[in-house]
Amino acid sequence: MHDEHTAVSLEAVRDVDEALRWFHAGRSLDWVRQEYERRYNVETTAAMWELFVRLYVARERTARSTVIPWDVREHHQWSAHLAMLRVEEWTRAGHWVTPSDVTRHAAWRQGLEAAGLVVDYDPASDEGFVLVPRRDGVDTDVIRDPSRR
């Protein structure tokens, strides 16, 4: 799978704390991009700010929750399923989510529902996050209910 952000650099970010404050305040990627151009006379891209959100904001917003109830090991932090669970969590919390994440998340959710699957996490495995069959009446969310193994 090709990662669209491989060639994107965050060198243009002059003040990480300032950018974080803007995203925490609910500012959009487009607003931040335009504000950077106005304030610092630096042209940036939406792809750069999407990468910034993934690297800086994603981990801050993802604490243990009902959607991500596990202590996720470092080598599983880049799992595609974890990324979609983060988007699920942010959406529920009313946080701003990138348009590309909204699209990917919708397709991911539809795939889970159509196949009758939920996400489970096994910290001892190489993959970490796996899709498993939904248990009727037990797994009522997008994840395997960890209290009812």
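Brief remarks on what is shown
- When we screen R27, R33 for residues that are over 29 Å from D139 (Cβ atoms), modelled with pLDDT of 90 or more and either of a type in the set (S, T, Y) or surrounded by 11 or more Cβ atoms within 10 Å (Cβ to Cβ) (or both), the only hit is R33.
- Identity of the residue in segment 73-90, assigned to a helix (DSSP H, G or I) and surrounded by fewer than 16 Cβ atoms within 10 Å (Cβ to Cβ), that ends up modelled with the highest pLDDT: A80
- Residue selection: A114 satisfies the criterion of being of a type outside the set (V, I, T), free of Cβ contacts under 8 Å to residues at least 12 places away in the same chain and not in a loop (DSSP other than H, G, I, E, B).
- D141 without any contact (Cβ under 8 Å) to a residue 40 or more places away in the chain, out of contact with any Lys or Arg (no Cβ under 9 Å at 6 or more places or on another chain), in a loop (DSSP other than H, G, I, E, B) and not aromatic (F, W, Y): no
- Count of segment 102-117 residues which are buried (at least 19 other Cβ atoms within 10 Å of the Cβ) and in contact with a Ser or Thr (Cβ under 9 Å, 6 or more places away or on another chain): 1
- Residue within segment 49-68 that is surrounded by fewer than 17 Cβ atoms within 10 Å (Cβ to Cβ) and at pLDDT 85 or above present: no
- Some residue of segment 99-107 being modelled with pLDDT of 95 or more and more than 28 Å from F52 (Cβ to Cβ): no
The values are calculated or read from the model by the stated rules, or taken from the named source; none is laboratory data. Note that the structure is predicted; figures quoted are calculated from it, not measured. We place every Cβ from the backbone using ideal geometry, glycine too, and count neighbours over all the protein chains shown.
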